[in-house]
Structure formats: structure tokens, C-alpha cells
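Please treat every number below as a calculation from the coordinates, not as lab data. Because the structure is predicted, anything quoted here is derived from the model rather than measured. Positions of Cβ are generated from backbone atoms using ideal geometry, with glycine treated the same way; all protein chains shown enter the neighbour counts.
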Amino acid sequence: MSKGEKQNIKSEYERLKSEVKKHDLLYHQKDKPEISDYEYDKLFQKLLKYEEDNLNLNTSDSPTRRVGGDAIAQFQKIAHRKPMLSLSNSYDANDILEFDLRVKKFLRSENTVEYFAELKLDGLSMELVYENGKLVRALTRGDGVVGEDVTHNVKTIKSIPLSIPHKELLEVRGEVLINKKDFAEMNHQNAENNLVEFANPRNAAAGTIRQLDPKIAASRPLKFFAYALGEYSGIEFKSQEDIENKLSDFGFPVVDRKLICKTDSIEKIVEYYNSIDEKRSKLPFDIDGIVVKVNLFKLQDDLGLVARSPRWATAAKFKPEQAETVVENIIVQVGRTGALTPVAIMKPVKVGGVVITNATLHNQDEIDRKDVRIGDTVVIQRAGDVIPEIVRVIESARPKNSKMYLISENCPTCDTKAVKDIEDVVSRCPNPFCQSVVIESIKHFVSRRALNVEKVGDKLIESLVEKQIIEKFSDLYKLNTEKLSQLERQGEKSIENTLSSIEKSKKTTTAKFIYGLGIRFIGEQTAKLLADHFLTVENFMQAQAPELETIPEIGPKVSASILKWTGDERLQKEISNLLKCGFIFEAASRNLNGKFSGLSFLVTGTLPVKRDEAHEFIEKNGGKLLSSVSSKLSYLVVGDDPGSKAEKAQSLDVKMISWDELLKLNS
Ligand code: IVH
């Protein structure tokens, strides 16, 4: 390759990288994406492919490095150049005034002091070390002196810059956290896939950072906000405000400037404390107080430390958001998988600005453990700011002759006897045609990630099922104006919208359809695997145990759950009726009967045709494309100038063929 060609490759690579970085910034920091997720994915894939095709490029600061490399064996302990201190704290606004007095006394100053107050983020603190303009290390706080190296996970956080314009040492400190909304979504997905559910966003963030395999972190919505520094050189900072401005200019996320308070009036800080407490529940992430810092570095230096805390800062925490109320009733809800969940219905009470009436009691064990009874006065709180829960019962206020609560043995909706598997904590209604199960199943079927029937909401489904207009998925596709007009408040326009969104949902994918069926343990990812394997819903419905067991990610529990579902004759009949409604399955690009079916391929080097065309050809004939060479690969298709893939294939004894041989294989 000539020098000029090399230069061209390099500049094209830099251009691609900076384009991806630009869209990362627009999406993650500015919240103003300019291209769709789909376009972004395409761009990202293009960059990945460019790196695969040109192995000599320096990818150390490439956005592709965030996707997560290899798992590490264990965490390395590394000392912080400068200890990570803790803050003195209190739960009382009055202590803010005392802090001000302490500061002024120490400085022997009658004058006012400028304060910079900001949110106390409730995540986990992190130190990012930049050397020569590159992120080289990320350390947890640890004991403040020695932290753990979690670089592999932190590199997956898209809002953290991998490179910065400052070439000397810079250690940036801040908080890793997960937004409340993302947390709820993530836990929902985890529940569906029968994975651990975290108690709150903080635990979820900490649990993610403590994983050895960075792919887990890459798949979770971690965020970072900068608020402090460790060691640095070649740059000056005058104040806390200056830190955050400069860091923001370098591309680090900082909390919205509307949520900070810079003032020399300590009364204003107390007002700020109260106003943030009010706003707390509406913020996108959890906070547990405010941090008040003396703004100017010069004064911070004069103030110094006491023990392990700076004298120039303090945390004023918020009281946990708790309240007392009375349990008026305990009802049992029936979920999509038949799970019977007891829910306490309480006298409405405000907790942290939100009126709470319900709290889940999870299951009988939980009720027994807390001994919650109807009529009890209880302390409730919003765990991790999101889900309300009963903390404890105030036993002294318990009414006489109250009885321990026992979940009834029958389903409250259809009266079928509930069953409880040995390893299960909840009991379930086993009747798939139970009205509650049907309502919840249809809600899931139409949900965004499943069939995405936009105009069919929860209330509509409830009325339609209760009025017995629909009782199964296929009935949705038999709805018409006449049937919908039987419901109240259904104008011509809204009926038209409902019907057209149902019609639109027929264009879907096998994966979404399988996910929509709501089979226990089949979350979105598993549904995708199943769709990849079976290609059509018909094939999936006929799956037998031996075939399911050949899919590596499908274990015995999941397989049993699928077979139980697909083995139910009534459900089989329903699916065959449903499939007659005219679904169009997109991207059924792989042809099960194709010559390549059951074989896997990977392409490397320059072929006589474009890479996309080669991929399309393979998929059209039923072949599966893999992303890396492993012993599972059936064929490596090798063109001119193959790279390391060919070497790896050779060492693993994977068959290698040319493009012409591939064409022959198909004839
Ligand atoms: S400044 C010398 N600012 O609070 C103190 N800390 O006790 C340097 N925290 O675990 C920290 N939000 O993770 C600072 N805006 C903020 C913060 C914050 C949360 C946490 C931090 C640390 C603890 C300090």
C-alpha cells in the first residue's frame, strides 16, 4: 500500500470516528439527536467494519471500544494519587447555617463567603484518569485511599469522553448512576428474563460496575456526572464553578446548570435545599441531598481538612421520604403469567410530593415477614425514589382482633385453584383463559416492544375484555366499527385510529411476535434468539425439546416453559387462527430451505462483490452470519488480503473457501 493510500484510510477513519462521536454527544449529553437510532446503528456498524477491514488503525479512542472487550479475571486494587474524601453530613437545614458559621470562624472572616451548592447524586463515585488526552483508568472510591480498577466497564459509558483536548494529567471525579426511568425499564426487562431485579437505581449501578464482563455494563444505561477533581497538571482551576465549566467544555456531562446555586447568602442556600427537596421526585435520577462547597479554591486551601473530610464542604441530606398511613385493604392482582401479587390499598398519603395509595407486598413470605394486616398503621417509603413500599407496621396502633393476612388459595378472578412451584416464591393462577390473565396478556401483546399497537391502550383492552368483545389475541384483528361503537366514548375518528393502528401492527417481525405471546421467561432477547433459530412462528410452535436444547442460550427451564405453552391445544388453535389474520413478517431474510441453512459464515478480505452483497447472498440462502471466528463457524469466506481472521480460522481448523467456491456450494 502506498503512503498516500495509507493516509487516505487514516483520514477516512478519523472522519468516521468523529462523526460517531458527534452523534454520541448529541444523544447522550445534549439530548438532541439528529439522526434516528437506526441510522446511528448503521453508522456505528460502518465504523466497526472499517476497523475490521483495516487492522492497523489505532482504535484506542474509538467509540467502538465502548462495546466491551474481554472479561477481566479480577479487580485490581490501585491507589488514588489523591485520596477520595468523604463529606461531613447532616439531615437538617439548620446545619447549613452552622456550616457557614464554622467556615467564617475558621477564616476569621466577617465578610461573606461565596458558596456553590449542587445536587448530592445518589450513585457511586468514580475517578477517571486521563493521561496524554486519553482515558487510561477508572477507579472506584474503594476505601478512599485505594480503589478498584473498573476501566473495562466505565469505558462502555457513552457519555464519558475517551479522549479530551487536555494532554497532561487530569483526574476527573464524579458519580455513575442510572436514571429512574431507565432503571424501571431495565428491571422490567430483567424480570421478564428471570434475571436479578435490583432494589433501586444505585444498587443497579453499583452491581453493574462490579461485573467482570464489560458486555453487561455495555448493555445497561449507565450515566456519569462530573463534580470534582483528583490530581492534575498543566491547567489551572479557580473555583468549583470553574471546574465544572471547564469539564463541561472538555465534554464531560455535568448536572443541568439550572439545578445549581451560587450565592454568598447562606439563607439562599437553605432556600435552595428546600426547593430541591420539593423537586426531588421530579428529577430524572435519585439524589439524597445537596452538597454545599466554598466556591473559591483559595479559600478551600485555607480551610483544609478535618480527619477525612474537607472543612470547605458539607452535605445536607434529605430525610428519607417516609410517611404513615393506614392499610384499608389487601387485594390480590393477577399478572400476565398468572402470578398472584398481594397489594396493600392504603389511605392516600403524600410521600416526597407524590400521592401514594398502593404498595406491593410481593408475596406471602413478604406479608408474613412484615406481618402486614388490614387495618394496620404502617410506615411507607419510596424505595430508591420510585417504587412505594411498606417499611414496617406500627404494632402499637394495631386494631384489636385483627387477623394475619393469608392470600386465598384460589384465583380472585376465575376462582381456579392457584399453584405454587417448589422453587417459585409466588403462587399462580394456572388458567390461561382467566380474564385477568387475558387482559394482562393482551396488554403485553400490544405493547411497544411487541406488536406495538399504538392506539390500543390498557383501558380499551379492559373494557373490550370485560364486555366480552374480545377474549384472545386474534379477536383484536376481528374488531370493526360496529364492535368498537358498543363502547362508550368511541367517536368515529378514534375508532378509525384504533383500527388503522391494529392494521399497521400486522407488519412485524417473528421476534416481536414471539415476544408478544408473553411466554414466561421469554423476554425480548430470548425471543430474538428463537426467531433467529426458527425463522417462522409456525416452526417455533412445532419446536420439540431436542431442537430447543441445541440453542446454546436456552436452558431447561426456558425450554420447559416454551413447551408447556406451545403444547397447550387451545393456544395452538389460537396461534393458527391468529396467523390467518394477515401478518407480514419483515426481514425474513434467511431462507430455512436454502442451501446454506444450518451453516454459519463469516467474510474476510476483499471479494469480487461488495461486502453487503455477499452478506445478503448468504442470508438469502439461509446461511447465518457470525461476527467472529470460532470453532462453531462453518465457513470463513476468504477474499484478497485476508487479515488475522484467516490465521485464526486456520488454527481452529475452520474451513476456508473462496467466493467462487461459495457460489458453487449453492449451485
Ligand atoms: S464532592 C471532598 N459533589 O458524596 C468531597 N460529592 O461524601 C468531594 N457525592 O461518595 C466530593 N454528589 O460520591 C461531591 N455533587 C457532589 C456529589 C458528591 C454525590 C457523593 C460522592 C461521595 C460522597 C461524599
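Determine the alpha carbon to alpha carbon distance for each of 595/664; 472/512; 42/664; 215/557 and list only those over 20 Å.
42/664; 215/557
Report for the range 524-667 the percent antiparallel among DSSP-assigned beta bridges with both residues inside it, nearest 5. Write down the numbers at each step before the final one.
Details: 1 of 10 bridges.
If I count the DSSP bridges inside the range 524-667, around 10 percent turn out antiparallel.
Could you work out the relative contact order of the chain? I mean the mean sequence separation of Cα pairs under 8 Å and 6+ apart, divided by the number of residues, in percent.
9
Of 77/648; 507/580; 158/455, which ones are farther than 23 Å apart at the Cα?
77/648; 158/455
Given 248, 154, 272, which one lies farthest toward the positive end of the charge dipole of the range 148-273, if we put +1 on the Cβ of every Lys and Arg and -1 on the Cβ of every Asp and Glu?
154
Cut-off is 10 Å between beta-carbons; in what order do 186, 126, 656, 1 appear when sorted fewest neighbours first?
Values: 186 21, 126 28, 656 16, 1 10.
Least crowded to most crowded, the residues run 1, 656, 186, 126.
Determine the dipole magnitude for the chain: charges of +1 sit on the beta-carbon of Lys and Arg, -1 on that of Asp and Glu, nothing else is charged, the reference point is the Cα centre, and the result goes in debye to the nearest 20.
180
Could the peptides 437-448, 299-310, 315-326 be put in order, highest first, of the mean number of other beta-carbon atoms found within 10 Å of their residues?
437-448, 315-326, 299-310
Can you sort 534, 99 by how many other beta carbons sit within 10 Å, fewest first?
Sorted ascending by nearby Cβ count, the order is 534, 99.
Helix-only mean residue ellipticity at 222 nm, the chain, DSSP H runs n ≥ 4 weighted -39,500 (n - 2.57), per residue, nearest 500. What is it?
-10500 deg cm²/dmol
Rounded to two decimal places and with Rh computed the Kirkwood way over Cα pairs, what is Rg over Rh for the range 90-187?
With Rh from the inverse mean 1/r over Cα pairs, Rg/Rh is 1.10.
Which of 439, 397, 379 sits closest to the plus end of the dipole of the range 364-445, meaning its Cα is farthest towards the positive end, when Lys and Arg get +1 and Asp and Glu get -1 on the C-beta?
397
Between the alpha-carbon centers of the range 604-642 and the range 473-525, tell me the distance in whole angstrom.
Going from one Cα centre to the other spans 39 Å.
Can you find, among 119, 94, 106, the residue farthest towards the positive end of the dipole of the range 79-134? Put +1 on the C-beta of Lys and Arg, -1 on that of Asp and Glu.
106
Provide the packing ranking of 138-147, 109-118, 644-653, i.e. peptides ordered by the mean count of other C-beta atoms within 10 Å per residue, highest first.
Highest to lowest by the protection proxy: 138-147, 109-118, 644-653.
Of the listed pairs 21/155; 155/258; 3/134, which have alpha-carbon separations greater than 20 Å here?
With Cα atoms farther than 20 Å apart: 155/258; 3/134.
Can you tell me the dipole magnitude for the range 74-217 around its Cα centre, using point charges on the Cβ only (Lys, Arg +1; Asp, Glu -1), in Debye to the nearest 20? Mind dumping the intermediate values first?
Details: 20 positive and 21 negative charges, 96 e Å.
Computed about the Cα centre, the dipole is about 460 debye.
Below 16 Å, Cα to Cα, which aspartates and glutamates can residue 493 reach? Residues fewer than 8 away in the same chain don't count.
Within reach: 454, 482, 503.
By count of other Cβ within 10 Å, fewest leading, how are 261, 581 ordered?
Listing 261, 581 from fewest to most nearby Cβ atoms yields 581, 261.
Under the Cβ-under-4.7 Å rule, which cysteines of the chain stay unpaired?
Cysteines lacking a close Cβ partner in the chain: 261, 581.
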